[in-house]
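Please read the structure below before turning to the comments.
The values are calculated or read from the model by the stated rules, or taken from the named source; none is laboratory data. This one's a predicted model, so the numbers in the text were calculated from it and none came from an experiment. Every residue, glycine as well, gets a Cβ built from its backbone with ideal geometry; the counts of neighbours run over all protein chains shown. All accessible areas refer to the heavy atoms of the entire protein, side chains included, with ligands and DNA or RNA removed. Shrake-Rupley method; radii C 1.70, N 1.55, O 1.52, S 1.80 Å.
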Amino acid sequence: MTDLHKIGRMQAIRYAGRGESSLEEMPVPVPGVGEVLLKVHCCGLCGTDLFKLENDTIAEGTVLGHELVGSVASLGPGVTKFETDQRVVVPHHVACGECSQCRRGSETLCPTFRENLLVPGGFSELVLVRAAAVERAARRLPADLSDAAAVFMEPAACVLRGVDRAGLPDPGPASVGAISVVVLGCGSMGLLHLLALRALYREIRVIVSDPIPERRQLAEALGAESACAPETLAEVVATSSHGSGVDAVFDTVGHPPATGGALSLLREGGTLVLFAHAKPGARLPLEMNHLFKHERRVVGTYSGSADEQGRAFELLSSGRLDPTPLISHRLPLRDFQRAVELATQKKALKILLEPDSKDGCHASS
């Protein structure tokens, strides 16, 4: 990257339409009252970014990217929470905390939550953090928490929300025994589910499924009880659970046939958690009595609230959750299109885009 920001210009990845993006110059945002300008260290490529690109659901000129870590480049008037050069992690959404959705525990459905508080977006050299995010969501990184781990705060918060909505039993009482779950998909988010669940519960059996052998091998190395191909999943679950089924299934794929079939994997009273985007218009085949007679549930989960972001940050800071083995590539910002291709072709797990990186590299861990 250049020193364009010294003359009020910076580089960013802007959407050009029809799934294509390009590296362009644009003005450096100037922080106003309560705002902070961050120099981006790294920004993770997210499944939501890929979904928007693939389905052409964003306006031309948009800068994507919301999983970011940076350092404070400049402070707007009135900011006392941070100092220049401090490392910061910040999500892009903040709920109001006062509306009916927030009061009912649906903070991620709050109208205020829909506003993107990162300008222009994380796939840029510098990003402006709006005052609400500075005050209520941005966190200074401790010295022993790496950028590569901290960048997972926002996606880990999303995972924690899904785990909460699964209604898993308290692992404390001995009468409950080990919790058992299935995770559909061994992409970066599926494997992040595996790591988060193992960080939260002392006794838990996690079975994962994915068609790619290398991803299954990584899942087992990260602590999965079993990692199998989708076509053998039902047999593996039946053997592991002695026919009773699992407590929850977390769908990180969004493929209706696989998702609908997951109901048969649940124990009575179990929960199917819909975590992933599905294609527009996708329909889920469900047998109503399979839910009604056995008190099974299907729940959706979207993003992560301030509470879950805080809990994710604590797990990362304590070292109980270390998602850095999921990073397969670190690429310079100019290689954004290559990053998209690697991800869509399933040749990568988590890709970090780094504005200051001169050469892309493959990360083995």
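Applying the criterion of being part of a loop (DSSP other than H, G, I, E, B) and at pLDDT below 95 to the residues of the stretch 14-43, the residue that is most open to solvent (accessible area, probe 1.4 Å) is 18. Residues of the stretch 57-81 being open to solvent by less than 10 Å² (accessible area, probe 1.4 Å) and not aliphatic (A, V, I, L, M), which ones? Correct list: 65, 67, 70, 76. Just give me the residues in the stretch 215-245 being farther than 25 Å from residue 320 by Cα and open to solvent by 40 Å² or more (accessible area, probe 1.4 Å), in sequence order. Those that are farther than 25 Å from residue 320 by Cα and open to solvent by 40 Å² or more (accessible area, probe 1.4 Å): 230, 231, 232, 234, 235, 238, 239, 242, 243, 244. Note down all Cβ pairs under 9 Å where the first residue falls in the stretch 90-107 and is at pLDDT 95 or above and in a loop (DSSP other than H, G, I, E, B), the second is surrounded by fewer than 17 Cβ atoms within 10 Å (Cβ to Cβ) and acidic (Asp, Glu), and they're at least six residues apart or on different chains. That search, which allows pairs on different chains as well, returns 92/115; 93/115; 94/115; 94/135. Looking across 250, 275, one residue alone is buried (at least 23 other Cβ atoms within 10 Å of the Cβ) and within 25 Å of residue 123 (Cβ to Cβ). It is 275. Within the stretch 217-270, being among the charged types (D, E, K, R) and touching a Cys at 6+ places or on another chain (Cβ under 6 Å) holds for no residue. Of the residues making up the stretch 181-208, just one is of a type in the set (Ser, Thr, Tyr) and touching a residue at least 40 places away in the same chain (Cβ under 8 Å), namely 188. If you check residue 118 against the conditions, is it open to solvent by less than 20 Å² (accessible area, probe 1.4 Å) and at pLDDT 95 or above? For residue 118, the condition - open to solvent by less than 20 Å² (accessible area, probe 1.4 Å) and at pLDDT 95 or above - is met.
Scanning the stretch 253-272 for residues that are among the hydroxyl-bearing types (Ser, Thr, Tyr) and open to solvent by 60 Å² or more (accessible area, probe 1.4 Å) turns up just one, 264. Within the stretch 132-142, the set of residues being open to solvent by 40 Å² or more (accessible area, probe 1.4 Å) and of a type outside the set (D, E, K, R) comprises just one member, 142. Being in a strand (DSSP E or B) and either open to solvent by 50 Å² or more (accessible area, probe 1.4 Å) or at pLDDT below 95 (or both) holds for only one residue in 320, 311, 330, 283, and it is 330.
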